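Bear in mind these aren't lab numbers, they're just calculated from the coordinates by the rules spelled out. Bear in mind the structure is a predicted one, so any value in this text is a computation, not a measurement. We place every Cβ from the backbone using ideal geometry, glycine too, and count neighbours over all the protein chains shown.
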Amino acid sequence: MKQLAILTLLAALLCAGFSPLVHADWDAKLEAQEEAKRRAAQQEEARKRAEMNRIKKDAEAKAARGYLGKEANGKSDDEVRRLFAERQAAMTRQAANYRDPTPELRKQEADTRKQRDDGMKAMYGKSLKELQGMSDKELEAFSRDVEKKYGK
């Protein structure tokens, strides 16, 4: 136990003796210069960010004015951006209410395919299925024949 106390005391004395050496290479002036450089870099970054935001806002306002046309005349940039945002929100709401007509169109296309094929065959001598199976050269020749027959 006595040995542990002596070792602890010795370690404390060694630490106390070497602690000034830890800070021996610390230069307060250099540290202050580096801090000043860091702050200047942060301020420059903030200035650049503010400039980019200004340019972005100007471009958005210009685009919104182009989109709104005469409605934007005489209005401030903030009003123009607000009007444009309202228009976009309305279009988004309208798109959300959009009902996809594709299933009905596919059914209608399938229901009328035979009738359309018969009409094509009667008019041009070939069905849609035959036209889809033709090579490019065959389609070009067919197109020339149709142009001769019906005119351009």
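Sorting the segments 42-55, 92-105, 73-86 by their residues' average number of neighbouring beta-carbon atoms within 10 angstrom, most packed first, yields 73-86, 42-55, 92-105. Placing a pseudo-label 7 Å from each Cα along the Cα-to-Cβ vector at M120 and M134 gives an inter-label distance of 1.0 nm. Here is how the number arises for the chain: DSSP H runs of 4 or more residues each give -39500 (n - 2.57), the sum is divided by the residue count, and the result at 222 nm is -28500 deg cm²/dmol. First obtain the Kirkwood hydrodynamic radius of the chain from its Cα pairs, then insert it into the Stokes-Einstein equation at 4 °C and 1.567 mPa s, and state the resulting D in µm² per second as a whole number. The Stokes-Einstein estimate is 50 µm²/s. Cross-link partners for K48 among the lysines, with Cα-Cα distance under 22 Å and sequence neighbours closer than 8 places in the same chain left out: K37, K56, K57, K62. Sorted into 10 angstrom bins from 0, the C-alpha pair distances of the stretch 102-150 split as 24, 43, 26, 7 percent.
Subtracting the Cα-Cα distance of Q88 and D145 from their residue separation scaled by 0.36 nm leaves 15.5 nm. Partners of K137 within straight-line reach, counting lysines whose Cα lies under 25 Å from its Cα and excluding those fewer than 8 residues away in the same chain: K121, K126, K129, K148, K149, K152. Extent along the principal axes, Cα only, for the stretch 31-98: 62, 31, 13 Å, with the longest axis given first.
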